[in-house]
Amino acid sequence: MKTLVVGATGNHAHFVVPELKQRGATVRALVRDESKIDAAKQQGADETAIGDLSDPASLHAAANGVDGVFHINPAFAPNEADLGMAMVKAAKASGVRKFVFSGVYHPSISKLSNHAAKRPVEEAIYESGMEFTVLQPAMFMQTFAASWQAVIKQGRLSLPYNKLAKACYVDYRDVAEVAAMALTGDELSYGTFELCAPGMINRVELAALISEILKRPIEAGEPSFDEWVQAAHIPEGATRESFRMMYEDYDQYGFSGGNAIVLRTLLGREPRSLQQYVQELANSKAAS
């Protein structure tokens, strides 16, 4: 089984590569340029293909000769839907048999661009004639890694929406495991699956959890969007506005979910919990 992995050097999809290797697959990593080749090989990729989601010819060449494609969209890209549909089209034209898409929990929330952009890609997959598996993961626990040092330094976990709004999460390593299962077997073929760890948690509860693990007080911060976006160094433009709309929605509605029955069933075990992830994060940062 030879699989093309989109995002093989990214913050999340890189977890798919070792899961595929454990199942005997040959992995071809799609990379933007030669500077990413070594990183892809370090993740375990056997081959690399240089390509760009905005260049259909490069995608066609990258997908040539592979049995399956794992695809994850570049979230918040202004043309995210077009980029995803281009990969589907290239895979079909190249004779790819299996296509696994890592989308988003609740893609029907059309007012959020990072959700709405996934729906046309799902539709293209369903109409492609390829054997498909669509994964719809909740918020990635791994997003906390980028802000962990700020949490430690400031003693505060800050996001620009109501700190009492509840959200649900998933460890992307669990998503990667399901993706590899789908690509190397047939049991998950033609399925669309919501993937989430059990339960929901608000930022006050999460700060309390971090405090317990670190044995020091961490508080839940609630900065304004302008304060947060400046600290995050997100420039003006479509991406910033997409974040604004997302956090305004979270402020009012949170990010509901937390039913883990699908993920638990697929994995044959309990999904990794947020507590486990935070503990691992604390341990890894303390050791580094």
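When the helix-only estimate is applied to the chain (DSSP H runs of n ≥ 4, each -39,500 (n - 2.57), divided by the residue count), what is the mean residue ellipticity at 222 nm, nearest 500 deg cm²/dmol?
Values: 13 runs with 130 residues, N = 288.
Estimated from H runs of four or more residues: -13000 deg cm²/dmol.
From largest to smallest, what semi-axes in whole angstrom does the stretch 113-200 give when each is the square root of 5 times an eigenvalue of its alpha carbon gyration tensor? Present the calculation step by step, with values, prior to reporting the outcome.
On the way: eigenvalues 201, 48, 25 Å².
Semi-axes, largest first: 32, 16, 11 Å.
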Checklist entry - To the nearest 10 degrees, how steeply does helix 144-154 sit against the main Cα axis of the chain, on a 0 to 90 scale? => result 20
Next on the checklist: If you restrict to DSSP beta bridges whose two residues both lie in the chain, what percentage is antiparallel, to the nearest 5?
Outcome noted: 5
Checklist entry - Taking the stretch 110-263, how much of its Cα-Cα pair set, in percent, is spaced more than 28 angstrom apart? => result 29
Next on the checklist: I'd like the Kirkwood hydrodynamic radius of the stretch 11-64, using the inverse of the mean 1/r over distinct C-alpha pairs, in Å.
Outcome noted: 11.5
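Could you rank the peptides 90-96, 74-80, 136-142 by their average count of other C-beta atoms within 10 Å per residue, with the highest value first? Provide the component values of the computation, followed by the final result.
Details: 90-96: 19.3, 74-80: 16.3, 136-142: 21.6.
Ranked from most to least packed, the peptides come out as 136-142, 90-96, 74-80.
Remind me, relative contact order of the chain in percent, using alpha carbon pairs under 8 angstrom and six or more residues apart? Display every interim value, and only then the final one.
Working: 552 pairs, mean separation 48.6, N = 288.
Rounded, it is 17 percent for the chain.
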Item to check | For the stretch 241-247, Karplus couplings with θ = phi - 60° (6.51, -1.76, 1.60), whole Hz, Gly/Pro x | outcome: 5, 5, 5, 4, 5, 5, 6
Checklist outcome for this item: Computed over the Cα atoms of the stretch 56-99, the Rg and Dmax in Å are 10.3, 30
Checklist entry - Against the longest alpha carbon principal axis of the chain, how many degrees, from 0 to 90 and to the nearest 10, is the axis of helix 80-93 turned? => result 30
Checklist entry - Helix 172-184 versus the longest principal axis of the chain: what is the Cα-based angle in degrees, 0 to 90, to the nearest 10? => result 20
Next on the checklist: Sort 20-33, 215-228 by packing, meaning the average of other beta carbons within 10 Å per residue, with the highest value first.
Outcome noted: 20-33, 215-228
Checklist entry - Which peptide among 274-284, 3-13, 56-66 comes first, and what is the full order, when sorted by highest mean count of other Cβ atoms within 10 Å? => result 3-13, 56-66, 274-284
Checklist entry - Can you count the Lys pairs in the chain with C-alpha separation below 24 Å, eight or more apart or on different chains? => result 24
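Compute the Kirkwood hydrodynamic radius of the chain, taking the inverse of the mean of 1/r over all pairs of distinct Cα atoms, and give it in Å to one decimal. Provide the component values of the computation, followed by the final result.
Working: mean 1/r = 0.0509 Å⁻¹.
That comes to 19.7 Å for the chain.
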Checklist entry - Along the positive direction of the dipole of the chain (beta-carbon charges: Lys, Arg +1; Asp, Glu -1; about the Cα centre), which of Leu20, Ala86, Val66 reaches farthest? => result Leu20
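Considering the convex hull of the alpha carbon atoms of the stretch 185-245, report its projected area averaged over all viewing directions, in nm², one decimal.
Values: hull surface 32.3 nm².
Dividing the Cα hull surface by four gives the mean projection, 8.1 nm².
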Checklist outcome for this item: In this structure, the FRET efficiency calculated for Glu236 and Asn283 from their beta-carbon separation, with R0 = 35 Å, to the nearest 0.05, is 0.35
Next on the checklist: With only alpha-carbon pairs counted, each pair once and no self-pairs, how large is the Kirkwood hydrodynamic radius of the stretch 12-169 in angstroms?
Outcome noted: 17.2
Next on the checklist: Please compute, for the alpha-carbon atoms of the stretch 204-288, the extent along each of the three principal axes and give them in descending order in Å.
Outcome noted: 43, 34, 24
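Bear in mind that the values in this text are calculations on the coordinates, not laboratory data. Keep in mind the model is a prediction, meaning the values are calculated, not measured. Ideal geometry is used to build each Cβ from the backbone, glycine not excepted, and the neighbour counts take in all protein chains shown.
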